[in-house]
2 protein chains.
Amino acid sequence: MNFTLNILGTASALPMVNRYPSAQVLDVRGRLFLIDCGEGVQMQIRRQRLSILKLDTVFISHLHGDHVFGIFGLLSTMSMLGRTAPLHIYAPEAFRKALSDFMASFGDGFKFEPVHHAVSADAPVKIFETRSLDVTAFPLNHRIETYGYLFREKTPMKNVRKDAISQFGLSLAEIGTLKRGEDVVREDGTVILNTEAAYQPYEPRSFAYCSDTAPFPELSEWVKGVDLLYHEATFPCGYETLAQATFHSTTRQAAECALQSGARKLAVGHYSSRFPDASFFLDEIKEIFPEAILCHDGMVIDIPLKKFE
Amino acid sequence: MNFTLNILGTASALPMVNRYPSAQVLDVRGRLFLIDCGEGVQMQIRRQRLSILKLDTVFISHLHGDHVFGIFGLLSTMSMLGRTAPLHIYAPEAFRKALSDFMASFGDGFKFEPVHHAVSADAPVKIFETRSLDVTAFPLNHRIETYGYLFREKTPMKNVRKDAISQFGLSLAEIGTLKRGEDVVREDGTVILNTEAAYQPYEPRSFAYCSDTAPFPELSEWVKGVDLLYHEATFPCGYETLAQATFHSTTRQAAECALQSGARKLAVGHYSSRFPDASFFLDEIKEIFPEAILCHDGMVIDIPLKKFE
């Protein structure tokens, strides 16, 4: 029951030897979702010992090169490795031309279809789901059309308490009713409240990806209560003017978003190449939001399952 | 007076953690020529402690992704770093569309112009020169239009022997004549032979890049006597059928080309991902051509200047 974030790149526009461009893989119970796709992502995926062929669905925030140039090599490699299943790629409309241009020049002999789904939203909108997961896109505040993505496990079926089965003499149909979260109403008028006989087996987990963005008021609402918030922190304090001009955030602004959203944990990255050592970013963030992590390439952040019994 | 080859990538189609796709930088007296441009080349250039802004001219062999996908990030980074001088890129005609597509999607705000020069040749043809260097393109035998490149220092001006100046009482004009390699013919009919009074100060150095290619008879003629021959060796002995089907070469075929060409040294790379450890390739090559090197990412091969006095 993994819910694990793999950080593949923490650079901003200019990569460095130890900071690749933006890319992350969220492993939700073994399904691998690739979020952004900076140059070199296929090598970083291998370095992280993840399987390229197991990549499930791709989510691209925006069409700046440092978030997307890795898709070309990745798609080619997938084809050479024998992928046949379509690969679904959620990305802004601008990706359509980039993808079709790529396929025209390099797609000869491709064994699978990369399928682009244009993301378009001015408020959170569900764009994708699996049996256990919803993915919501929401707009960010960057120089070009940019989206954040919220991955949230679905509320699970209720578990029925073992003692309740004997206590109430529950039938199979009644157990089903309780699992669906409903109360049992018997023919004789007896009511077995769901809260009396059932419980939620675990807390659904959630992760929000917010890169690249300048701060804006709605964002903390849109990612409210998330377990893990990834928020870019391109610049440290004192660089507010530059951050504003480039539609990026500072450490403090990332921390304030985390604080206002009530996120459990904040992870930051996308560091400006002006700061080869960004370790001091953490102090600035922790002054506002102590549960913070400075990402580095290759970092693994696990969100453990919180079970109820 | 550098003539130094930097190996940035030795993978073939499928890169690995320690093998990036094809890219090399030839440093000729401080001018940096980029040969092929696999994904991640901008990170590999930094890793090699070469300067992205000092890259001079780019030569691309063919439009397979593992030789070209790094150009997009590289061009973007050059622009962000403030390059204003046009960048000249020699590549097959198919590169034109890839470049213009790229510029349409990602070229907004570019501060310099990437200029494509279409390479087209069915025999060696000079495509580029500097004061001290000629670059010749020649066709290779691959699945799509592919060129090799031969970098050869120009024959230098002759040096005039100091003792000859006093011995013959040479005038400045006569010294100029001898430097140009001509004999001096005086008004009184005296002839001072160039070989008597002048000598070539050093031997012009040369490097040939041959990837990707199946063997073909003309190749060894076209790279005859080269100081350093880079020849792909995608497969070891025993894989001739696969090599032929994919228009690649085996170790033995690379070695035979080196032998027939009279190259001084052979460097091989572009190893198939079937062979994570390709060290045994070297034994196979050395049986035929002992002066051989197995390239690895980050390797530097220097061709020292051979001076005459």
Over segment A:226-245, the set of residues hydroxyl-bearing (Ser, Thr, Tyr) and not in a helix (DSSP H, G or I) is A:TYR230, A:THR234, A:TYR239
The residue from B:LEU75, B:LEU81 that alone is within 14 Å of another protein chain (Cβ to nearest Cβ) and either aromatic (Phe, Trp, Tyr) or open to solvent by 20 Å² or more (accessible area, probe 1.4 Å) (or both) is B:LEU81
Looking across segment A:16-33 at residues that are surrounded by fewer than 24 Cβ atoms within 10 Å (Cβ to Cβ) and closer than 16 Å to B:GLY70 by Cβ, the single one that is nearest to the other protein chains (Cβ to nearest Cβ) is A:VAL17
Of the residues in segment B:142-157 that are open to solvent by less than 50 Å² (accessible area, probe 1.4 Å) and of a type outside the set (Ser, Thr, Tyr), the one that is nearest to B:LEU5 (Cα to Cα) is B:PHE151
Say whether the condition of being at pLDDT 95 or above, open to solvent by less than 10 Å² (accessible area, probe 1.4 Å), more than 12 Å from chain A (Cβ to nearest Cβ) and in contact with a Cys (Cβ under 8 Å, 6 or more places away or on another chain) is met by at least one residue in segment B:51-60.
yes
In the set A:ALA123, A:ALA137, the lone residue that is among the aliphatic types (A, V, I, L, M) and open to solvent by 30 Å² or more (accessible area, probe 1.4 Å) is A:ALA123
The strands (runs of 3 or more DSSP E) lying entirely within segment B:249-309 that contain at least 3 residues which are at pLDDT below 95 and open to solvent by less than 70 Å² (accessible area, probe 1.4 Å) are none
Taking the criterion of being buried (at least 21 other Cβ atoms within 10 Å of the Cβ), more than 32 Å from the chain's Cα centre (by Cα), outside any helix (DSSP H, G or I) and of a type in the set (A, V, I, L, M, F, W, C), would at least one residue in segment B:217-224 satisfy it? no
Residue under question is A:ASP36, and the condition is that it be within 23 Å of B:ALA13 (Cα to Cα) and either buried (at least 19 other Cβ atoms within 10 Å of the Cβ) or within 8 Å of chain B (Cβ to nearest Cβ) (or both); does it hold?
yes
Residue set A:ALA91, A:ALA13; condition open to solvent by less than 20 Å² (accessible area, probe 1.4 Å) and either closer than 28 Å to B:LYS97 by Cβ or within 13 Å of another protein chain (Cβ to nearest Cβ) (or both); output residue A:ALA91
Matching residues in segment A:189-205 (without any contact (Cβ under 8 Å) to a residue 60 or more places away in the chain and either touching a His at 6+ places or on another chain (Cβ under 9 Å) or buried (at least 17 other Cβ atoms within 10 Å of the Cβ) (or both)) number 5
Within segment A:111-120, residues within 14 Å of chain B (Cβ to nearest Cβ) and open to solvent by 70 Å² or more (accessible area, probe 1.4 Å) come out as A:LYS111
Checked against (1) within 22 Å of A:GLY38 (Cα to Cα); (2) open to solvent by 20 Å² or more (accessible area, probe 1.4 Å), A:ASP108 satisfies every condition except (1)
Q.
Could you go through segment B:96-110 and let me know if any residue there is within 14 Å of another protein chain (Cβ to nearest Cβ), part of a loop (DSSP other than H, G, I, E, B) and at pLDDT below 95.
A. yes
Note: among A:LEU140, A:LEU150, just one is touching a residue at least 60 places away in the same chain (Cβ under 8 Å) and touching a Gly at 6+ places or on another chain (Cβ under 8 Å), namely A:LEU140
(Q) Yes or no: segment A:169-178 includes at least one residue that is part of a strand (DSSP E or B), open to solvent by 20 Å² or more (accessible area, probe 1.4 Å) and in contact (Cβ under 8 Å) with a residue 12 or more places away in the chain. (A) no
When segment A:236-248 is checked residue by residue, the ones that are in contact (Cβ under 8 Å) with a residue 40 or more places away in the chain and open to solvent by less than 10 Å² (accessible area, probe 1.4 Å) are A:PRO236
Scanning segment A:105-134 for residues that are more than 22 Å from A:SER206 (Cα to Cα) and of a type outside the set (A, V, I, L, M, F, W, C) gives A:SER105, A:GLY107, A:ASP108, A:GLY109, A:LYS111, A:GLU113, A:PRO114, A:HIS116, A:HIS117
Flagged in segment A:17-68 as without any contact (Cβ under 8 Å) to a residue 60 or more places away in the chain, over 21 Å from A:HIS116 (Cα atoms) and among the polar types (S, T, N, Q), in numbering order, are A:SER51
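The values are calculated or read from the model by the stated rules, or taken from the named source; none is laboratory data. Small disclaimer: the values here were computed from a predicted structure and weren't measured. Counting neighbours? That spans all protein chains shown, and the Cβs are built from the backbone with ideal geometry, glycine included. Just the protein is used for accessible areas: all its heavy atoms, side chains included, with ligands, DNA and RNA removed. Shrake-Rupley method; radii C 1.70, N 1.55, O 1.52, S 1.80 Å.
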